[in-house]
Amino acid sequence: MIKVGIIGASGYIGRELVRLLSKHPEVEDIEVTSRQFAGKKFSSIFKNFSKEFEKRFLKEFSGNEDLDAVFVSAPLEECLDLISSFIERDIRVISLGGKFRIKDKALDEKLYKSKSELSEERIDQLRGIATYGLSEFYREKIKKAKLVANPGCYPTSILLGILPLSKLFKVKKISINVVSISGTSGAGAKPSQHLHHPEMSGNLKPYNIVFHRHIPEMESISREFGLELDISFTPAVGDFARGIYSFIRVNSSDVPENLAESYEKFYSAEKFVRVVEKNEKNERIPNLKDVIFTNYCDLGLNVVQEGKILILSVLDNLGKGGASQAVQNMNIMFNFKEECGIDSIAGNP
């Protein structure tokens with residue numbers, strides 16, 4: 001049994017971590033922080049936790065807590081001093097922010113500038129030991145990791161769809177055009193005018209269409225698997241709360257007709273990646289509702305014409321794209337059963 005802490009537990013990802021970890025059979029205690037709600041009972045703010053999780057929020061951790069693991073559901077670049085002290089005490093850290101997902105120092109600092117009293121040398125050390133937390137592809141490194149940088153929600157949905165191309169068919173370079181539609185929870189819990197219900201109801205809003213900082217993350221990770229990406233990425237927010245639907249169009253002459261069957265074999269040992277079956281029109285189309293409140297990513301592999309494929313990828317942005325993948329990584333780090341605490345099935349309807 002282990003004790004865990006959550007920094008920034010009042011946000012959507014933080015709450016989801018509490019929901020999952022409070023029922024995890026290997027977790028005996030959870031401490032939570034929130035500057036906004038310090039001193040208040042968790043369940044007094046979030047009523048769905050009444051009689052389930054009654055701990056009070058701490059304002060912040062001191063670094064001397066008796067913990068085995070810490071989840072950082074806040075910008076990692078703003079709490080590097082604290083994270084460094086945890087790691088020095090052999091406390092495992094799982095970050096859900098973007099810092100250290102990219103190994104290139106200049107790019108990492110440009111996208112996620114450090115706000116810390118730590119020396120540049122120590123920050124470089126932390127970047128060096130950070131392991132990317134795409135569980136299905138970095139499992140062996142995660143087992144030994146002291147610091148895991150959980151992937152972004154969009155990259156998880158897209159990388160699980162394209163990385164097998166390199167491993168299965170030795171594809172070295174691909175051109176992909178991706179449109180990903182996320183639920184409004186992807187923007188976080190802080191209210192904003194453009195996500196106000198009257199603005200979003202019945203609406204679809206593309207954003208960051210010139211540049212999104214998940215692009216270099218996907219490019220960087222793909223290179224680690226020998227895959228050079230030429231990517232066009234258009235994210236959008238849809239009129240629903242949770243989930244991501246990614247439409248990934250790939251141009252490559254190296255992809256065979258038995259694409260779906262190859263993916264089925266590739267992911268056959270992976271609990272949380274499912275390749276959907278053909279429908280009556282010989283199409284493979286995943287259903288977003290099948291993955292909500294789960295750790296599953298469902299993939300639909302379609303060869304639409306010679307040299308052109310359409311990969312459809314769906315997951316819960318707060319689940320496999322966030323909190324439940326973080327718990328999956330914790331399970332790997334502590335040698336628990338990988339599905340422990342995250343093996344829920346989506347409701348229907």
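The values are calculated or read from the model by the stated rules, or taken from the named source; none is laboratory data. These numbers come from a predicted model, not from an experiment. Every residue, glycine as well, gets a Cβ built from its backbone with ideal geometry; the counts of neighbours run over all protein chains shown.
Within region 188-244, the set of residues being of a type in the set (Gly, Ala, Ser) and either surrounded by 16 or more Cβ atoms within 10 Å (Cβ to Cβ) or within 19 Å of ILE311 (Cβ to Cβ) (or both) comprises SER220, SER222, GLY226, SER232, ALA236, GLY238, GLY243. Taking the condition free of Cβ contacts under 8 Å to residues at least 60 places away in the same chain, of a type in the set (A, V, I, L, M, F, W, C) and touching a Pro at 6+ places or on another chain (Cβ under 8 Å), does ALA260 pass? Spelling it out, it is not the case that ALA260 is free of Cβ contacts under 8 Å to residues at least 60 places away in the same chain, of a type in the set (A, V, I, L, M, F, W, C) and touching a Pro at 6+ places or on another chain (Cβ under 8 Å). With respect to SER262, determine if the residue is surrounded by 15 or more Cβ atoms within 10 Å (Cβ to Cβ) and either under 23 Å from GLY152 (Cβ atoms) or assigned by TED's automatic domain parsing to the domain that holds GLU136 (or both). Spelling it out, it is not the case that SER262 is surrounded by 15 or more Cβ atoms within 10 Å (Cβ to Cβ) and either under 23 Å from GLY152 (Cβ atoms) or assigned by TED's automatic domain parsing to the domain that holds GLU136 (or both). Among the residues of region 160-183, none qualifies, meaning not one is out of contact with any Pro (no Cβ under 9 Å at 6 or more places or on another chain), among the hydroxyl-bearing types (Ser, Thr, Tyr) and under 27 Å from GLY14 (Cα atoms).
The lone criterion from (1) out of contact with any Asp or Glu (no Cβ under 7 Å at 6 or more places or on another chain); (2) crowded, with 20+ Cβ neighbours inside 10 Å; (3) assigned to a helix (DSSP H, G or I) left unmet by PRO155 is number (1). Restricting SER43, SER73 to those that are free of Cβ contacts under 8 Å to residues at least 12 places away in the same chain and either of a type in the set (Ser, Thr, Tyr) or closer than 24 Å to SER185 by Cβ (or both) reduces the list to SER43. Any residue in region 118-141 that is outside the structural domain of ILE244 (by TED's automatic domain parsing), over 21 Å from the mean Cα position of the chain (by Cα), closer than 20 Å to GLU219 by Cα and modelled with pLDDT of 95 or more? Looking for residues that are outside the structural domain of ILE244 (by TED's automatic domain parsing), over 21 Å from the mean Cα position of the chain (by Cα), closer than 20 Å to GLU219 by Cα and modelled with pLDDT of 95 or more, one finds none in region 118-141, hence no. A single entry from SER185, SER175 fulfils the requirement of being under 15 Å from THR234 (Cα atoms) and either among the small types (Gly, Ala, Ser) or free of Cβ contacts under 8 Å to residues at least 12 places away in the same chain (or both): SER175. The single residue among ARG101, ARG139 that is in contact with a helix residue (DSSP H, G or I) (Cβ under 8 Å, 6 or more places away or on another chain), under 22 Å from SER73 (Cβ atoms) and in contact (Cβ under 8 Å) with a residue 60 or more places away in the chain turns out to be ARG101. For the condition in contact with a helix residue (DSSP H, G or I) (Cβ under 7 Å, 6 or more places away or on another chain), surrounded by 19 or more Cβ atoms within 10 Å (Cβ to Cβ) and assigned to a helix (DSSP H, G or I), LEU17 qualifies. The single residue among PHE86, PHE57, PHE49, PHE53 that is touching an Asp or Glu at 6+ places or on another chain (Cβ under 9 Å), within 30 Å of ASN335 (Cα to Cα) and not small (Gly, Ala, Ser) turns out to be PHE86. Which of the residues spanning region 25-47 are part of a loop (DSSP other than H, G, I, E, B) and touching a helix residue (DSSP H, G or I) at 6+ places or on another chain (Cβ under 7 Å)? Selection gives PHE37, PHE46.
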